[in-house]
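Enquirer: First, the structure itself, so that you have it in front of you.
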Amino acid sequence: MAAVPGVPGLPVAAPRAAASPQPSSAEGAGRARGAGLLKPGIVVAVLIVLGLFVPSVLKSTFYLGLLVNAITLGIAALAIGFLAHQSGLMMFGAAAFTGSATYLFAIAVTQFGWNAMTAAAFTLVGATLLSALIGALVVRARPLPFAMLTLALAQMLRSLVMVTDFRPITGGDDGLALNFSGTFFGLTQAQLSKPEGFWPVAWLALCGVMLLAWAVGRSRTGSVLRAIRSNEERMRFSGFNTYLPRVLAFTLSGFIAAVSGLLTGLYTAFASPELLDFATGGNALVSTLVGGVSTVAGPVLGALLYVVGQDQFGATGHLELLTGLGVVMVIVAFPEGIMGFIRNGIARLFKRGAHAVPNAPVKKGGDHAAR
């Protein structure tokens, strides 16, 4: 400090050195976020690539088929879990969207004579538009009426495909057997009918919809949806549109369910009224409850456990009894699902580890210098 000339004892601050230019806070936050997502992104990409080699490791066609069924069911469960987590709406009639997608694919192949790729594109577009239309009508309902409306929709579609007048198109009680031409991403129908040939399609579809649901959940739309779920009235009074985001969430959920239905059509080459039955949607619903809805991996894990459990319980001859007991025990023991329990356990472990690390002592010399 230097004294001001002519005024004894009054100090004046020395001139500051020119400050180096600093990046804006937005740029810094963006770079930090990008760096934070880089390593997880690399890990996810590696896991996706490694997943493609599962048929090379798992030689059993039977168990590979179980995994394919678990993926198909897991995508349907993810559709339910995504909507439940983001909007607080539980879909009892998911079969309406998985089954309708399978039928759209079957009709496009049998009636229009389209090849597999064209029929698949038509299926996803048509099922998504149907989801948007249905969502515009039902998302205003309260959770319980909403669940019953989706269930009624599935039962209505099941009755529709069994109407005698529509039998030439839908096949009625007998369903529709498919024999599509062309290839689906280079795979023929014969290759798609085998678990080892169908695995890359199912695996990449699962990874794609999981990444889509995760990205939407982390976006501003996801934040708005969860805020609407917590307090819709407050969000409405704050000037937010609470209707369109919920329609968007329902439409995306219907699209994910349509992917599951399309995979069913490609793999089994058959569409039947049972695909629209409550039991089919109930399998996806139970998988969602078992795995949990707090993460995108929860419903998929629940579907895997459900499919494996069905295989093991079926061998005993008491499938329904053991399935019911198992589901009740899991839901009672893990109210947030198995993945929710794992997530909470990891969070508590890291929190306990952070509290266990003592604060580093301050050196006396450094403290004296600072003073």
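The values are calculated or read from the model by the stated rules, or taken from the named source; none is laboratory data. Computed from a prediction, not measured in an experiment: that's the story for all the values here. For neighbour counting, all protein chains shown are included, and Cβ atoms are generated from backbone atoms with ideal geometry for every residue, glycine included. For accessibility, only protein heavy atoms count, side chains too; no ligands or nucleic acids. Shrake-Rupley method; radii C 1.70, N 1.55, O 1.52, S 1.80 Å.
Enquirer: Keeping the other protein chains in place, figure out the carbon and sulfur percent of the accessible area of the range 234-277, with a 1.4 Å probe. The partial results should precede the final answer.
Expert: On the way: 1110 of 1710 Å².
The computed percentage sits at 65.
Enquirer: Give, in whole angstrom and from largest to smallest, the semi-axes √(5λ) of the equivalent ellipsoid of the range 106-211, with λ running over the eigenvalues of the Cα gyration tensor. Don't jump to the answer; show the numbers that get you there.
Expert: On the way: eigenvalues 163, 89, 32 Å².
After scaling each eigenvalue by five and taking roots: 29, 21, 13 Å.
Enquirer: For Asp277, Asp173, what's the largest-to-smallest order of accessible area, 1.4 Å probe? Write down the numbers at each step before the final one.
Expert: Working: Asp277 45, Asp173 100 Å².
From most accessible down to least: Asp173, Asp277.
Enquirer: Could you give the length gained by full extension between Glu320 and Phe240, i.e. 0.36 nm per residue of separation minus their alpha carbon distance, to one decimal place? Let's see the in-between values first.
Expert: Working: separation 80, 0.36 × 80 = 28.80 nm, distance 4.60 nm.
Length gained, Glu320 through Phe240: 24.2 nm.
Enquirer: Between Leu137 and Met117, how many nm apart are label points set 7 Å from Cα along the C-beta direction?
Expert: In this crude label model, Leu137 to Met117 measures out at 3.5 nm.
Enquirer: Any idea of the accessible area per residue across the range 41-112, 1.4 Å probe, to the nearest Å²?
Expert: On the way: 2630 Å² over 72 residues.
Here the per-residue accessible area is 37 Å².
Enquirer: Separation between the Met148 and Thr188 pseudo-spin-labels, each 7 Å from Cα along Cα→Cβ, expressed in nm?
Expert: Result: 5.2 nm between the two label points.
Enquirer: Students often check this: by mean Cβ neighbours within 10 Å, which of 140-152, 259-271 ranks highest, and how do the rest follow? The partial results should precede the final answer.
Expert: Details: 140-152: 15.3, 259-271: 24.3.
The peptides rank, most packed first, as 259-271, 140-152.
Enquirer: I want to check the label-to-label distance for Met156 and Leu50. Put each point 7 Å from Cα in the C-beta direction and report it in nm to one decimal.
Expert: 4.7
Enquirer: Per residue, how much accessible area does the range 197-277 have with a 1.4 Å probe, in Å²?
Expert: Details: 3420 Å² over 81 residues.
It amounts to 42 Å² per residue over the range 197-277.
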